[in-house]
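A.B. asks: Once you've had a glance at the structure underneath, I'll fire off some questions.
The values are calculated or read from the model by the stated rules, or taken from the named source; none is laboratory data. None of the values given here were measured: they were computed from a predicted structure. Neighbour counts run over all protein chains shown; Cβ positions are idealised from the backbone, glycine included.
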Amino acid sequence: MTQNRSALAAGATWFDFDTVVDRSRSNSLKWGNPAGAMTDVQAQARPLPMWVADMDFMSPPAVIDALHEAVSHGIYGYPAGMTKGYVEAVIGWQQKRFGWDVPPGWVVPVASVIAALKTIMQAFSQPGDSVLIQPPVYVHFHHDVLINGRHITAAPLHFDGRRYRFDAQVFENAIRDNTRIFILSNPHNPTGNVWTEEELRTMGEICMNHGVLVIADEIHCDFVYGAGRKHTPFASLDRRFAHNSITCTSASKTFNLAGLQCGNMFIADKVKRDEVIRTIERNHNTRINLLGMVATEAAFTHGAGWVDELVTYIARNQQHFAERINALDAGLRVIDMESLYLAWIDCRALGMTPDELEDFMLVKGRVWLDKGPKFGVEGHGFMRANLGCPRQTVDLAIVRIAEALAQR
C-alpha cells in the first residue's frame, strides 16, 4: 500500500494500532503467568505488562498474508537457506530507509541479535578478555559478556538531568589492554539516544586505534522520531569501520516478529565472516526459521507504509506519556526520547531503593515495568516502560501510576 506522507502527518491513517489484542492465551512471555518473575503478592495485584520490548500490535497485513500462504503449504521441512528474495529484501530495506548499500555477500543469517552477540563474542575474544559497553544499556550486553567468561569494562553515558551524553574521554579511558570488543547500541537502549555521525565517527576511530572490534546492535534503527535526528548505520560511515565491525539487525523489533527467530549480520571482512560462520557451525544449526524468513521478506518488501504510521503512533504515545507523567509533579520524570518505543523514567526523587521501587510499581501502581538495575548500576532509581501498545493501554498505565503516587 502506498502511503502519502503529507496525509499521514495530517493525521490520516490506513492501519489499526488502537485495537487491543488479547495475548493472555498465546504463550506470550510478556502477558503470560508472572509466577516466578515476582512475588505472590506482586502477582496478585495483576500488574499491567509494560516491560519486555515486545509490542502489542499485530504485524502488518502483508506479513500475516505471507505466513498464511506458507503455512497452507502444509510441509515445514528444512529450508535450503536464504533465498534471493530474502537477501534482496534485507539489503533493500537498508538502502531505501538509510541509504546504505550492503553487498549481498555480507549477509549472514542468525536466529536473533542475542545469538549474534554471543557468537561474535566467542569468535573474537577469549575468556578473561574485556568487552566495552555504555551503561545504562540493554541487559544482554551485561549478561552475555559475563556468561561467556569475559569481563565488562564500562564507559557510562553522562546524564545531565534531561538526556544522556557521550564523553569521548570517558569512552577511551575505559579501554583496557585486554579489551577486544565494543558493543554499540545504535540507537541506544534504554536512553533513546540517536547517535550523530560525529559521535559514531569518534567511537569508530577510537576503536580502530585500540584494535577493538565493534558490534553494532541496530535492531531499533527504525524507531527514530526525534526532531532533526536520523539513524546512521555505523558501518556506512567509513570502509575502515565496515571492516572493523559487525552489524546486527532483525525485523523482529520493527514488525514484532521475535517469536519467529530470524536475524542477520552484515560482515564486510571476509576473514571475520568466515570465522563467524565457523563459530555458528560449532554451536548451532546454521539454518534459520523457515517462517521467520517468510515473514522477514514480506515485512521488508511491503512494510514501509506500515512502519511510517507505526513510528508516528509511537512518537505520539511517547509525547502523551511524558506530558501526563511529568505533569503529575510527584517524583517521576520521563526523559526526552529521540527513538525507541520504550520510555526511560527517572524515579530517583521518590527516594526508594530499586527493590522498593519495583514493589511500589507492581503492587501500588499495578504496572509491570523493567527495573532500572537490569541496565547496570547506572539504572538505579529508573524504570523502563514499553509504549509499543494501543493508546488506551498507555492511558491505563498513566491512571494507575497517578493513583499510586497520590496515595503515597
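A.B. asks: Being outside any strand (DSSP E or B) and of a type in the set (A, V, I, L, M) is the filter here, so list the residues in the stretch 167-219 that pass it.
C.D. replies: Passing the criteria: 168, 170, 174, 175, 194, 200, 203, 206, 208, 212, 219.
A.B. asks: Oh, and also: Could you give every pair whose Cβ atoms fall below 6 Å, whose first residue belongs to the stretch 292-317 and is farther than 15 Å from residue 68 by Cβ, and whose second residue is of a type in the set (Gly, Ala, Ser) and in a helix (DSSP H, G or I), counting only separations of at least 6 or pairs across chains?
C.D. replies: 300/89; 301/89
A.B. asks: Under the condition of being β-branched (Val, Ile, Thr) and without any contact (Cβ under 8 Å) to a residue 40 or more places away in the chain, which residue from the stretch 76-112 is farthest from residue 284 (Cα to Cα)?
C.D. replies: Among them, the one singled out is 91.
A.B. asks: Give the residues of the stretch 145-170 that are more than 26 Å from residue 205 (Cβ to Cβ) and at pLDDT 95 or above, sorted by residue number.
C.D. replies: 146, 147, 148, 149 - these are the residues of the stretch 145-170 that are more than 26 Å from residue 205 (Cβ to Cβ) and at pLDDT 95 or above.
A.B. asks: Take the stretch 259-273 and flag every residue that is out of contact with any strand residue (DSSP E or B) (no Cβ under 8 Å at 6 or more places or on another chain) and either part of a helix (DSSP H, G or I) or outside the structural domain of residue 110 (by TED's automatic domain parsing) (or both).
C.D. replies: 259, 260, 270, 271, listed by residue number.
A.B. asks: Among the residues of the stretch 136-166, how many are surrounded by fewer than 14 Cβ atoms within 10 Å (Cβ to Cβ) and in a loop (DSSP other than H, G, I, E, B)?
C.D. replies: Result for the stretch 136-166: 4.
A.B. asks: Could you count how many residues in the stretch 180-196 are more than 22 Å from residue 380 (Cβ to Cβ) and either aliphatic (A, V, I, L, M) or surrounded by 21 or more Cβ atoms within 10 Å (Cβ to Cβ) (or both)?
C.D. replies: Total satisfying the criteria: 7.
A.B. asks: In the stretch 109-135, how many are under 16 Å from residue 267 (Cβ atoms) and assigned to a helix (DSSP H, G or I)?
C.D. replies: 11
A.B. asks: Working only within the stretch 371-403, note down all residues that are in a loop (DSSP other than H, G, I, E, B) and more than 26 Å from residue 152 (Cα to Cα).
C.D. replies: Listed by number, the residues that qualify are 387, 388, 389, 390.
A.B. asks: Is there a residue being closer than 22 Å to residue 337 by Cα, among the aromatic types (Phe, Trp, Tyr) and out of contact with any Asp or Glu (no Cβ under 6 Å at 6 or more places or on another chain) anywhere in the stretch 362-379?
C.D. replies: Within the stretch 362-379, one or more residues are closer than 22 Å to residue 337 by Cα, among the aromatic types (Phe, Trp, Tyr) and out of contact with any Asp or Glu (no Cβ under 6 Å at 6 or more places or on another chain).
A.B. asks: Can you work out which of the residues in the stretch 308-349 that are part of a helix (DSSP H, G or I) and of a type in the set (Asp, Glu) is farthest from residue 392 (Cα to Cα)?
C.D. replies: Taking the candidates together, the pick is 308.
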